[in-house]
Structure formats: structure tokens, C-alpha cells
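The values are calculated or read from the model by the stated rules, or taken from the named source; none is laboratory data. Just so we're clear, the structure is a prediction, and the values are computed from it rather than from any experiment. Methodologically, a virtual Cβ is constructed for each residue, glycine included, from the backbone with ideal geometry; neighbour enumeration extends over all protein chains shown.
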Amino acid sequence: MNFFDFFGSAICHQIAERRFHAGGYALPLCARCTGIYLAIFASALLLFCLNRTHGNKPFSVFRSVLLCAGFFPLVIDVVSFTLGLRDTTNYIRFTTGALFAFGLPYLFILVRNFRADGEYERPIMKTPAELAVALLFCGVSLLLIRYGGFFGYLLISAFSLFGVVLLYYAVCNLALSRLLKKNAGFYSFLLAIGIICVIGYFRTGVQ
Amino acid sequence: MNYCKKCLRVLNEGEKFCPACGEAVTITIENPADKHTEPGTASQLDELNSIIEENKAKKETAEAAAPYAQPVSPGPYSKPIDLSTSTTHQSPGAYTPSQTYSTASIPADAEVPMSTKVILTILSVLIAPAGIIVGIINMNNKSKAYRSFGQVMLIVGITQMAVVLLCCCAGSIFSSSVSGIFNELRYYY
């Protein structure tokens, strides 16, 4: 088991037939998880590049619905497949996963920066068209998986695992910031890496 | 002072009919400021005009006696009404585009009712996207209590989404280690 697979085991079942292959190597995450964490990475990267990570203005109803609408394709896909109503493919899993997760960084940033007794005028999303950029990134990533060879494998593995770290970091940061009543960015990062390593070690040890 | 409406003869007090023409007496000017009497003849108008002039003179005398009195602000209907031009009436509480949808009716110091908290929390737990949307709507509220509660709902919704993601990991761990209800879970997710 290589480094990528070790990190990927912290979040994904890594079933062989559910994974994409690029350049003769299986990606560290299954198709759905690859879509989920690539979308998280893409949205987080976009927010970082646009300097919106300190935004705290709540979204309008339309934008909230837009962010949450992506949850339903994944639910429909999972439920219909579980009930045996239809079969699904890795590309559908990837797409529904990406739709599921592209709004999560926006929600995490809002809930992290929002203060009920303070001012909240810094926008996180200025236009809904920004969301299309994250989805476009996922589409390009899919092409990279398909035609990128070993380079595609390295790039997509790194991006998706960075998304895994980001999700763990966001959850830990949310919890620690509430508990410690201050911004605990560094400790959150350490805790996230620690959890990933412990779960990875546990899973590789079990297997 | 009574007048005959037909021949304009001055009538004596108590006369109900004009002695000259026999017309029934209907015009009575009892109060000079009363404008609800029928518009009459030239003599009546002269008398009314004299009364108006008299009142105007009294008013000017009063203003001269108190030159620094506070001016009375013109009322909303002091301007002449021009029916030929269309005007739009806007009340003080009318909707303006800058107002948000949720802050119009709830005051800033409003508290969230307990029943609302229970219902929305259950909604947030059962249906995470609905909880997230309602939470964000509450975060736009003017009331601090509603904003705080909206943030809690958003945290609950996001936590639930994270749990969904981590269930994949949990399912894989359990399916690797123990058999049971988690054994086949990873094949569905």
C-alpha cells in the first residue's frame, strides 16, 4: 500500500471495481469519493483564490437552495441502486459525488466566520456562476483521469487527498473553535492529520 | 339673516314664506364660516366675502401681535390636488427593494419560540438540506436570537452531511473487521 492509498483509506472503502484507473494505477479513492473530494478541493481553492475565506455574509434563499440542491442526485442514486431499481456506473458516482460536495466549503466558511452579534457583510459568494467553476474543474479532472496517464493519476490523487484533509480540517476546526472559543487553525490541522493517520493505520492493520 | 331664494327680498325673523313672491324660505345663514349653505346670489356672496375679509384682518392682527410664533407646518394635503397628473402613493411601511424578505416582520429583539426551535431542529436532523436552508434564512434575520438559532441549525445540517461522508469510512472499517449490518454497506455507498 502506497502513501496515497494509506491516506485514502481514512475516508473510503477503496473497493477495486469502484475505483478509476489512470496510467495503470488505481486511484486512492472510489469514484464517488473522488468526485466528492475533488469538488471540495476545487471549491476551497476557488474561495482561497478569490479571497473569500473570511466571508461571513449569509446566502440568499436562492443561493442556499442552489448549494443544497446537489445533495439530492447522490441520495437518489444511492437509494435507487440500493433498492435494485437501477444500476449505476463509476461516472455517475463521480458526478453525483461532485454535485453533492461542491457547496460544502461555502457552508463551512459561513458557519465558521458568522457571528450572530457581530457584523456580517463580507460576501462568500458574489455570483452563483462561481459554482460552475468548481464543477468545470471536476469535469476537467475526469478528462485527466481518462487521458492523463500516470501524470493524471498523480495529480488527481494529490488533489482528492488534499480534499480529504480539508474536510477533516474543517470538521476539526469547527469543533475546536467552538470548544476553545478561539481560532484553532493549527491544532485543527494537526488533529485532522492525526485522525487520518490513526484510521489509515487501523484500516491497513485490519486488512 | 334670511333671504328669499327667488326674489332676494330680506325676510323678517320667523317668516316661512316670502311676502312678495310667496317662495318658501330655505336659505338661512346662521354661521358666517358655514360653507355648506347653498351657493346663493350676489348679495349673499358679498356678505360672505365681507366676513372672509373680516377674518383675514383679524388673522393679520393676531400675527402682528405675535411675530415670532412657531410657523405651522403644512399638512400633507395642503398642496392643491392636481387630478390631471398621476401620482404614486407610498406609505411609510411600504416595501422597498433594499429590505430583505425575512426581516420585515420580526423585531430585532424577538426570541425564538420553543416550539419553533423543536420543530426546526427535528427538521434539520431529519432532512439536512432543509435544515441548512432554513438555518441560513434565520441567519439573515434582524433578531440576534434568530441568527444564533440559524447558525445552530446550519451546524447541525453540516454535521449531518459530514456524518454521511464519514459513514462511508465507518462502513468500510466495520465491513473489514466485523460481520453484520455493516458488512454490505460499502457496496451500496
A:V165 being closer than 19 Å to B:V152 by Cα and under 20 Å from the mean Cα position of the chain (by Cα): no
Can A:L142 be described as within 18 Å of the chain's Cα centre (by Cα) and surrounded by fewer than 18 Cβ atoms within 10 Å (Cβ to Cβ)? no
What number of residues within the stretch A:1-21 are within 12 Å of chain B (Cβ to nearest Cβ), under 15 Å from A:S157 (Cβ atoms) and assigned to a loop (DSSP other than H, G, I, E, B)? 5
Can you pull out the residues in the stretch A:140-164 that are β-branched (V, I, T) and either within 13 Å of A:T34 (Cβ to Cβ) or touching a helix residue (DSSP H, G or I) at 6+ places or on another chain (Cβ under 6 Å) (or both)? A:I145, A:I156, A:V164
Verdict on A:A129 being more than 14 Å from every other protein chain (Cβ to nearest Cβ), in contact with a Phe, Trp or Tyr (Cβ under 6 Å, 6 or more places away or on another chain) and among the aliphatic types (A, V, I, L, M): no
Of all residues being more than 20 Å from B:T159 (Cβ to Cβ) and surrounded by 14 or more Cβ atoms within 10 Å (Cβ to Cβ) in the stretch A:66-90, which is nearest to the other protein chains (Cβ to nearest Cβ)? Just the residue, please. A:F81
Test each condition in (1) at pLDDT 90 or above; (2) more than 23 Å from A:G185 (Cβ to Cβ); (3) among the aromatic types (F, W, Y) for A:F71 and report the one that comes out false. (1)
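Determine whether A:A10 is under 30 Å from B:K142 (Cα atoms), touching a helix residue (DSSP H, G or I) at 6+ places or on another chain (Cβ under 6 Å) and either among the basic types (K, R) or buried (at least 18 other Cβ atoms within 10 Å of the Cβ) (or both). Steps first, answer last, please.
Values: under 30 Å from B:K142 (Cα atoms): no; touching a helix residue (DSSP H, G or I) at 6+ places or on another chain (Cβ under 6 Å): yes; either among the basic types (K, R) or buried (at least 18 other Cβ atoms within 10 Å of the Cβ) (or both): yes.
For A:A10, the condition - under 30 Å from B:K142 (Cα atoms), touching a helix residue (DSSP H, G or I) at 6+ places or on another chain (Cβ under 6 Å) and either among the basic types (K, R) or buried (at least 18 other Cβ atoms within 10 Å of the Cβ) (or both) - is not met.
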Whichever residue in the stretch A:101-118 is at pLDDT below 85 and touching a helix residue (DSSP H, G or I) at 6+ places or on another chain (Cβ under 7 Å) and, among such residues, is nearest to the other protein chains (Cβ to nearest Cβ): A:A116
Assess whether A:F151 counts as being more than 21 Å from A:F59 (Cβ to Cβ), in contact (Cβ under 8 Å) with a residue 60 or more places away in the chain and surrounded by fewer than 19 Cβ atoms within 10 Å (Cβ to Cβ). yes
Expected single match for at pLDDT below 90, under 17 Å from the mean Cα position of the chain (by Cα) and among the charged types (D, E, K, R) among A:E130, A:E121 is A:E130
Restricting the stretch B:1-25 to residues that are modelled with pLDDT of 75 or more and not in a loop (DSSP other than H, G, I, E, B), the one nearest to the chain's Cα centre (by Cα) turns out to be B:A24
Hey, A:R115 hits all of (1) surrounded by fewer than 24 Cβ atoms within 10 Å (Cβ to Cβ); (2) closer than 22 Å to A:C138 by Cβ; (3) of a type outside the set (G, A, S) but one; which does it fall short on? (2)
Looking only at the stretch A:177-207, count every residue that is crowded, with 17+ Cβ neighbours inside 10 Å and more than 13 Å from chain B (Cβ to nearest Cβ) and tell me the total. 3
